[in-house]
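**Student:** This structure is in structure tokens; I'll ask about it shortly.
The values are calculated or read from the model by the stated rules, or taken from the named source; none is laboratory data. The structure presented is a predicted model; accordingly, all values stated were derived computationally and were not measured. Every residue, glycine as well, gets a Cβ built from its backbone with ideal geometry; the counts of neighbours run over all protein chains shown. Side chains included, ligands, DNA and RNA excluded: accessible areas come from the protein's heavy atoms. Shrake-Rupley method; radii C 1.70, N 1.55, O 1.52, S 1.80 Å.
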Amino acid sequence: AGGNGASAVQRGSSSSSSAADLAQSLTHCGIGLQMLIAAIESGETGSLRPLLAAMLPGVLQLQELSGPGLQQLSGEAKAAFVLYKYVPFGALHVRGVAGAVLGAGCSEAWSSRAAAMVFLQVFWFRHCYLLAAADMERLQAFVVGRLQDSKVEVRGLSAATLSGIIKALPAHEVDSLRHTMLANVRRVLNTPSETRRKRSSSTAPSRPSDSGVPVVAAAAAAAAPLDAAGAAAFAQQQ
């Protein structure tokens, strides 16, 4: 009995210690986020850019926290991520930032996928000239893929993001991107109806949604030049 009592005390002590460690870790994260927000809002981020780039994956993970006592920390992480789009990253850091955004874009939480898309709109406009060709292709493929996201909010943001990306691309790259989107439309429309029903009932972010087809088509139309020749070319491709 004495041995059992000692074991119970040890377990209780271990549990209390774990809870204390968790509380301390959450406090440290909260302080770190508040300092990060203050640094970005000050506009003096020049020397902090390497640190900000390194912290971005953690910030993206913290914004997905849920549960009792975690809402404030999650809210601070979301506020920090919103401010990140105002940070001018250098050539040494844009690839890491792009990788972090791609990771968030594949999250099971649709709000994280949506936040990644909003961030990408500004990030692309300010940093696309610093990105390597491979990274640009990865980001474009990510946006095109999310046009068939299971959430309509993400699909709408993807279409808006893609329209901005298109405006900054050379003509030959626009044509290539348009062909990719049209191929996605044809692939989904040619999928057997039974398979499409199974996909539409799935909530996994990696599963394309049939209801995203109009969004893909609209985004593809936006890629065509706004003149009679461009409209005719798009209609012919369809």
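**Student:** What are the residue pairs meeting all of these: first residue in the stretch 76-100, first residue under 11 Å from Ile37 (Cβ atoms), second residue open to solvent by 20 Å² or more (accessible area, probe 1.4 Å) and not in a helix (DSSP H, G or I), Cβ atoms under 9 Å, and 6 or more apart or on different chains?
**Tutor:** Ala77/Glu64; Ala77/Leu65
**Student:** Against the condition open to solvent by 50 Å² or more (accessible area, probe 1.4 Å), acidic (Asp, Glu) and in a helix (DSSP H, G or I), how does Glu76 come out, does it pass?
**Tutor:** Answer is no for this residue.
**Student:** For the stretch 135-149, give me the residue count where each residue is more than 14 Å from the chain's Cα centre (by Cα) and either among the acidic types (Asp, Glu) or closer than 21 Å to Trp110 by Cα (or both).
**Tutor:** Residues that pass the stated criteria total 3.
**Student:** May I ask you to list the residues in the stretch 114-172 that are open to solvent by 20 Å² or more (accessible area, probe 1.4 Å), assigned to a helix (DSSP H, G or I) and of a type in the set (Ser, Thr, Tyr)?
**Tutor:** Tyr129, Ser163
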